[in-house]
Amino acid sequence: MVDFACCGFGLCCMGLHHQGAVTPYFLKHTALVCDVRRVMGLEMTFQTSNIWQAACAVVVVLTAVIGTVPASATTAGYLEPTLHMDPPKAARELCAQYDWACAGQGGSVAPSSETERALITEVNRRVNTSVRAVSDRRQYGHVDYWTLPSKAGGDCEDYALLKKKELIRLGLDPAKLLLATVLDHSRTPHAVLIYRSDAGDLVLDNQTDKIIDWRESGYIFLRMQNPSDPRVWVGGFQPR
C-alpha cells in the first residue's frame, strides 16, 4: 500500500481578497480540513471555520507581501492562479539541484499533441510501475525531501520529478510540465505533475495510471510552478 502520510510540503491553505485577487476556491468550502502541522509546528488539525481563518490570518498577510496575480476571467480547462507564492519549503533548492526542473520554454520542435498525449500516458504508467513507494521519513529521516527516486524508491514528489525529467528528455516543452501540490481525496498533502495540453491542464499522479483532467481529480490545488516562470510558484486558484 502506498504511504502518503509523509507527503507534507509546509502547506497552509490561505487566501486573499486584495487588489483584484479572488478568494481561492478552498477557503469557500467550510467542510475542508486543512493540515497545517508542517507550517505551525503543532500536532493539531484546524478545520476551515472562523477559528481557522483567524489562525491563518498571519500567513495571509505574509502572502500579501509576496504579491497577488490580478484576477481575470477563468480560461476553461486551465488552473488560474490569483497569488504569487513561495515554493514549498522542501523544494526551495530544487532549481539549483536540477536545472531542468525549473526550465522555461524549450527551443526544440515539440512532438504533436497526439504524440505528447501518448508519451505522458506511457511515462506516467511506467514510473508508477517501476518506482516503489517509500516515505521520505523512512528513507531520509525527513518529513519532506524533494529529489529523484533512489534505488529504494520514492515519495509522491519524487515520482512527479522523475516524470518531468523523462518527458523533457523525450522532447516535451518544459513549460508544459509543472510540479504542483494538492490535498488529495483524504485531504492529505500530495504532489503531482501537471501537463498543460492544448485542451487544458491534466494530472499525472502516482496514485493512478489514468491521466485526469484537473477539474475531475477531486483534489484541492494549493500551489503550482508558474507557467510563465517555473522558478517561482503560484496559488489561490479560481474555482472550476
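Does LEU161 fit the bill of being closer than 21 Å to GLN97 by Cβ, modelled with pLDDT of 95 or more and more than 13 Å from the chain's Cα centre (by Cα)? No: the conditions fail for LEU161. Against the criterion of being of a type outside the set (Ser, Thr, Tyr), modelled with pLDDT of 95 or more and in contact with a Pro (Cβ under 9 Å, 6 or more places away or on another chain), ASN226 qualifies. Residue pairs whose Cβ atoms lie under 6 Å apart, sitting 6 or more positions apart in sequence or on different chains, and linking a residue in the range 213-231 that is more than 13 Å from ALA101 (Cβ to Cβ) to a partner that is part of a loop (DSSP other than H, G, I, E, B) and among the aromatic types (Phe, Trp, Tyr), are PHE221/PHE237. The condition of being in contact with a Pro (Cβ under 9 Å, 6 or more places away or on another chain) and among the charged types (D, E, K, R) holds for only one of LYS89, LYS164, that being LYS164. I'd like to check something: does the range 198-211 contain any residue that is in a loop (DSSP other than H, G, I, E, B), within 17 Å of GLY77 (Cα to Cα), touching a helix residue (DSSP H, G or I) at 6+ places or on another chain (Cβ under 6 Å) and not small (Gly, Ala, Ser)? Checked against the condition, which is being in a loop (DSSP other than H, G, I, E, B), within 17 Å of GLY77 (Cα to Cα), touching a helix residue (DSSP H, G or I) at 6+ places or on another chain (Cβ under 6 Å) and not small (Gly, Ala, Ser), the range 198-211 yields at least one hit.
In this structure, ALA91 does not qualify as surrounded by 17 or more Cβ atoms within 10 Å (Cβ to Cβ), in contact with a helix residue (DSSP H, G or I) (Cβ under 8 Å, 6 or more places away or on another chain) and modelled with pLDDT of 95 or more. Residue pairs whose Cβ atoms lie under 7 Å apart, separated by 6 or more positions or on different chains, with the first residue in the range 114-134 and within 24 Å of ALA152 (Cβ to Cβ) and modelled with pLDDT of 95 or more and the second of a type in the set (Lys, Arg) and surrounded by 14 or more Cβ atoms within 10 Å (Cβ to Cβ), are VAL123/LYS163; ASN124/LYS163; VAL127/LYS163. Of LEU172, LEU179, LEU162, all but one fail to be out of contact with any Ser or Thr (no Cβ under 6 Å at 6 or more places or on another chain) and assigned to a loop (DSSP other than H, G, I, E, B); the exception is LEU172. Inside the range 146-159, residues that are touching a residue at least 24 places away in the same chain (Cβ under 8 Å), part of a loop (DSSP other than H, G, I, E, B) and crowded, with 18+ Cβ neighbours inside 10 Å make up a count of 3. For ARG187, the criteria (1) closer than 22 Å to LYS89 by Cβ; (2) touching a Gly at 6+ places or on another chain (Cβ under 9 Å); (3) surrounded by fewer than 22 Cβ atoms within 10 Å (Cβ to Cβ); (4) at pLDDT 95 or above hold in every case but one, which is (2).
The values are calculated or read from the model by the stated rules, or taken from the named source; none is laboratory data. Owing to the predicted nature of the structure, the values given are computational and were not obtained by experimental measurement. Cβ: placed from backbone, ideal geometry, glycine included. Neighbour counts: every protein chain shown.
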